[in-house]
Every structure is written in C-alpha cells, then in structure tokens.
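Below you'll find the structure, written out as structure tokens, and then a few comments.
Laboratory data are not the source of any read-out in this text; all were calculated from the coordinates shown. Here the structure is a predicted model, which means the values were calculated and not measured. Quick reminder, even Gly has a Cβ in these numbers, built from the backbone with ideal geometry, and neighbours come from all protein chains shown.
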Amino acid sequence: MNSFLIMIYLLTGLGMSWVRNRVSKFLLNSAIAVVSSACLVKGIVEVSGRTTSVDMPYWYVEAGLLCLSLLIGFIRSRKLA
C-alpha cells in the first residue's frame, strides 16, 4: 500500500500531464476503480479472519491499466503536438 501512495504522489507531482484525451482518462479511472475493488476484497477477507492472495490479480490489472494509460497518453499527445 505504501508503494501505491508513493506512485500517486509521483504522478500528481508530474501534474498528470499524460491525461489529455478520453482514452487515457478512461484507463486511469479504471485503474483507480480496480484499486478500490482490491482494497475492498482485501478488507473483507481480513475482517473474516483469514489470509489469502486473491487480491493479487487486482494489482496486476491495475498496473497494466496504469501503464497503458501512460503509453496512450504520451503517444497520442506527441502525435497531436
């Protein structure tokens, strides 16, 4: 969780300059939704008193969506500029 907060700090430090079109914004919002779902699943499992790694695929999907958002944002902004 700590690395996620550091990543958000770095991305907002860049001013989220890659979010200039609808596709990159949609992918960023999807990544945030996946993180929220992962935290919700992890919280439910921890409240029940068990441990599991069922939330790990959520983090992989989130990383993929965030990378895709960065790629599309930078590629499309260079083409238009």
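Things worth noting here:
- Fewest-first ranking of 24, 53, 30, using other Cβ atoms within 10 Å as the exposure measure: 53, 30, 24
- Ranked 42, 25, criterion: other C-beta atoms within 10 Å, fewest first: 25, 42
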